[in-house]
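The values are calculated or read from the model by the stated rules, or taken from the named source; none is laboratory data. Just so it is clear, the model here is predicted, and its values are computed rather than measured. Because the Cβ atoms are built from the backbone with ideal geometry, glycine has one as well, and the counts that use them run over all protein chains shown. Side chains are part of the model used for accessible areas, which takes the heavy atoms of the whole protein and leaves out ligands, DNA and RNA. Shrake-Rupley method; radii C 1.70, N 1.55, O 1.52, S 1.80 Å.
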Amino acid sequence: MTTTRAAIVRGVKEPWEVVHLDLEEPKEREVLIRLAYSGLCQSDRHFQVGDFPATFPLVGGHEGAGIVEKVGSGVTRVAVGDHVVCSFLPVCGVCHWCSTGHQALCDLGLNAGTGHLPDGTFRFHHGSEGLGGVCALGTFSERAVISEYSCVKVDSSLPLDVAALLGCGVPTGWGAAVYASGVRAGDVVVIYGSGGVGSNAVQGAARSGASIVAVVDPVPFKREMAETFGATHTFATHDAAYSFIKQTTWGRLANHAIITVTDHTAEITNQAMSIIGKVGSVVVVATGRHGENQLEMNTQSLKGFQQRIQGVMFGNCNPLADIPRLADQYKRGGILLDELITRRYGLDNINQAFDDLVDGKNIRGVIEHS
Ligand SMILES: NC(=O)c1ccc[n+]([C@@H]2O[C@H](COP(=O)([O-])OP(=O)(O)OC[C@H]3O[C@@H](n4cnc5c(N)ncnc54)[C@H](O)[C@@H]3O)[C@@H](O)[C@H]2O)c1
Ligand SMILES: [Zn+2]
Ligand SMILES: [Zn+2]
């Protein structure tokens, strides 16, 4: 047994609280990891405000990277000293979904909201109470015991701050453009929301050769940064983007729209559907508010124009293959990662970090574990 400092949330809409937790030793196929960095993703806030079903208290954080300190019995994927990215979805490698090329849909992903490890128990403890971590990780903890299935080994020369972002925001956005939308050279792409995820959809679309990568985001700083990541045009509103896309495509409209906003709403679905043309696609990445519907539409154009609307987890990436691949692309200059990190925070400033996320001040804020 060891101890760790971690940011937890005790119930829906409660503030984040930094506490000392006991941490059990890693069991079979588990590893003890010392987290170096954790990104702050909107999905942590969606857990905190009750948009996802969760078991509280819950250790926050699902976008982290660190170094393996101890391994339990039977661990084969990683060894002590390895640098690892924590994939926010575990990959067992052998279930039906893993073995048919859908690693992001691994059956072990079912514990995302309870934080149970694959054997159905917790390793974090507070007195007599057991706690799970978001996505069975809990990267807002200085140390965590996680399944080896959540670990993806990366080269030790990769800086751990950018490595952390490979656990969620980067592959989610990149894959939404490259895999889920299937952007091709010359395509017209519109991205709604250019934060930690959307900025990477911009990069994916631009690097796939899209001729127009249009971003809609109400925050000027996000629009400015979108240009750094490859946006060709940016707009504060859907209406402004729609007028431009309609005019520039001679009425054919966009090939793809990607929804990476803070809170997905039915209004945004309808905006995205209205901006795509024949055989166009709308890819839904963003999370909506609990109790609301995000899809209320007449399907005439969907059918008549052979359009597609597609929900996406982890950008349809396969974490075991795509995390090392994105790390390699970063080293070769094929994707920008350093530019995604706007601000760094100590764990004690976690509530400030979330306030800044909500206020639109960061592309990504990261927690630096001491
Ligand atoms: N499906 C997945 O696998 C997956 C993974 C990670 C995150 N997510 C979800 O993706 C969404 C984005 O996450 P993030 O961490 O990038 O958040 P973020 O806050 O960094 O980015 C969201 C952006 O949307 C912008 N925005 C808000 N309302 C808008 C509107 N009406 N039109 C256009 N832009 C708008 C904000 O200004 C912000 O820049 C969240 O809902 C999150 O839960 C899904
Ligand atoms: Zn995330
Ligand atoms: Zn699996």
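Farther than 26 Å from D187 by Cα, surrounded by 14 or more Cβ atoms within 10 Å (Cβ to Cβ) and out of contact with any Phe, Trp or Tyr (no Cβ under 6 Å at 6 or more places or on another chain): is that true of I341 in this structure?
On the way: farther than 26 Å from D187 by Cα: yes; surrounded by 14 or more Cβ atoms within 10 Å (Cβ to Cβ): yes; out of contact with any Phe, Trp or Tyr (no Cβ under 6 Å at 6 or more places or on another chain): yes.
Criteria met by I341.
For residues that are part of a loop (DSSP other than H, G, I, E, B) and either closer than 20 Å to C41 by Cα or outside the structural domain of S150 (by TED's automatic domain parsing) (or both), scanning just the stretch 79-124, find the one that is farthest from ligand 2 (Cβ to nearest atom).
Narrowing the stretch 79-124 to residues part of a loop (DSSP other than H, G, I, E, B): 79-82, 87-97, 101-102, 106, 112-123.
Next, from what is left, pick out any that are either closer than 20 Å to C41 by Cα or outside the structural domain of S150 (by TED's automatic domain parsing) (or both): 87-90, 112-115.
Details: S87: 11, F88: 6, L89: 10, P90: 14, A112: 10, G113: 13, T114: 17, G115: 15 Å.
It comes out as T114.
Name the residue, out of S194, S150, S156, that is open to solvent by 10 Å² or more (accessible area, probe 1.4 Å) and among the polar types (S, T, N, Q). Don't jump to the end; show me each part of the working.
Working: S194 fails: open to solvent by 10 Å² or more (accessible area, probe 1.4 Å); S150 fails: open to solvent by 10 Å² or more (accessible area, probe 1.4 Å).
Checking each option against the conditions leaves just S156.
If we keep just the residues of the stretch 286-304 that are open to solvent by less than 90 Å² (accessible area, probe 1.4 Å) and away from ligand 1 (no atom under 14 Å from the Cβ), which is farthest from A65 (Cα to Cα)? Write out each step before concluding.
Quick first cut of the stretch 286-304, residues open to solvent by less than 90 Å² (accessible area, probe 1.4 Å) only: 286-288, 291-292, 294, 297, 299, 301-302, 304.
Retained after the next criterion (residues that are away from ligand 1 (no atom under 14 Å from the Cβ)): 291, 297, 299, 301-302, 304.
Numbers: G291: 33, M297: 41, T299: 43, S301: 44, L302: 41, G304: 46 Å.
This residue is G304.
Scan the stretch 79-107 residue by residue and report those that are in contact with a helix residue (DSSP H, G or I) (Cβ under 6 Å, 6 or more places away or on another chain) and hydrophobic (A, V, I, L, M, F, W, C).
First, the residues of the stretch 79-107 that are in contact with a helix residue (DSSP H, G or I) (Cβ under 6 Å, 6 or more places away or on another chain): 85-92, 95, 97, 103-104, 106.
Once the filter is applied, which keeps residues that are in contact with a helix residue (DSSP H, G or I) (Cβ under 6 Å, 6 or more places away or on another chain) and hydrophobic (A, V, I, L, M, F, W, C), the stretch 79-107 yields V85, C86, F88, L89, V91, C92, C95, W97, A104, C106.
State which residue is nearest to T2 (Cα to Cα) when the search covers only the stretch 47-85 and only residues that are surrounded by fewer than 21 Cβ atoms within 10 Å (Cβ to Cβ) and within 15 Å of ligand 1 (Cβ to nearest atom).
If we take residues in the stretch 47-85 being surrounded by fewer than 21 Cβ atoms within 10 Å (Cβ to Cβ) and within 15 Å of ligand 1 (Cβ to nearest atom), then A54 is nearest to T2 (Cα to Cα).
Given (1) open to solvent by 10 Å² or more (accessible area, probe 1.4 Å); (2) closer than 22 Å to Y179 by Cβ; (3) within 9 Å of ligand 1 (Cβ to nearest atom), where does T237 come up short, assuming only one miss?
(2)
Do we have any residue at all in the stretch 270-281 that's open to solvent by less than 60 Å² (accessible area, probe 1.4 Å), of a type in the set (V, I, T), within 16 Å of ligand 1 (Cβ to nearest atom) and under 20 Å from the mean Cα position of the chain (by Cα)?
No.
Read through the list (1) in contact with an Asp or Glu (Cβ under 8 Å, 6 or more places away or on another chain); (2) more than 28 Å from V9 (Cβ to Cβ); (3) of a type outside the set (D, E), then give the number of the only condition that G72 fails.
Here G72 meets the rest and fails (2).
I'm told R184 meets every condition in (1) surrounded by fewer than 24 Cβ atoms within 10 Å (Cβ to Cβ); (2) within 16 Å of ligand 2 (Cβ to nearest atom) except one. Can you identify the failing condition by its number?
(2)
Any residue in the stretch 17-42 that's assigned by TED's automatic domain parsing to the domain that holds V84 and of a type in the set (G, A, S): show its pairings with residues that are open to solvent by 60 Å² or more (accessible area, probe 1.4 Å) and part of a strand (DSSP E or B) at Cβ separation under 8 Å, as long as the two are six or more apart or on different chains.
Every condition considered, the pairs that remain are A36/E368.
Please indicate, with yes or no, whether at least one residue in the stretch 125-132 is buried (at least 24 other Cβ atoms within 10 Å of the Cβ), in a loop (DSSP other than H, G, I, E, B) and either at pLDDT 95 or above or more than 15 Å from ligand 1 (Cβ to nearest atom) (or both).
no
Go through the stretch 240-264 and give me each residue that's among the aliphatic types (A, V, I, L, M) and surrounded by fewer than 23 Cβ atoms within 10 Å (Cβ to Cβ). Walk me through how you get there before you give the answer.
At the first step, the residues of the stretch 240-264 found to be among the aliphatic types (A, V, I, L, M) are 240-241, 245, 253-254, 257-259, 261.
Matches in the stretch 240-264: A240, L253.
Across the stretch 163-181, which residue is surrounded by the fewest Cβ atoms within 10 Å (Cβ to Cβ) among those that are aliphatic (A, V, I, L, M) and more than 12 Å from ligand 1 (Cβ to nearest atom)?
By that ranking, first place goes to V178.
Pairs please, first residue from the stretch 53-64 and within 18 Å of V19 (Cα to Cα), second anywhere and among the basic types (K, R) and open to solvent by 30 Å² or more (accessible area, probe 1.4 Å), Cβ atoms under 8 Å, 6+ apart in sequence or on different chains.
Partner pairs satisfying both residue conditions: F56/R10; P57/R10.
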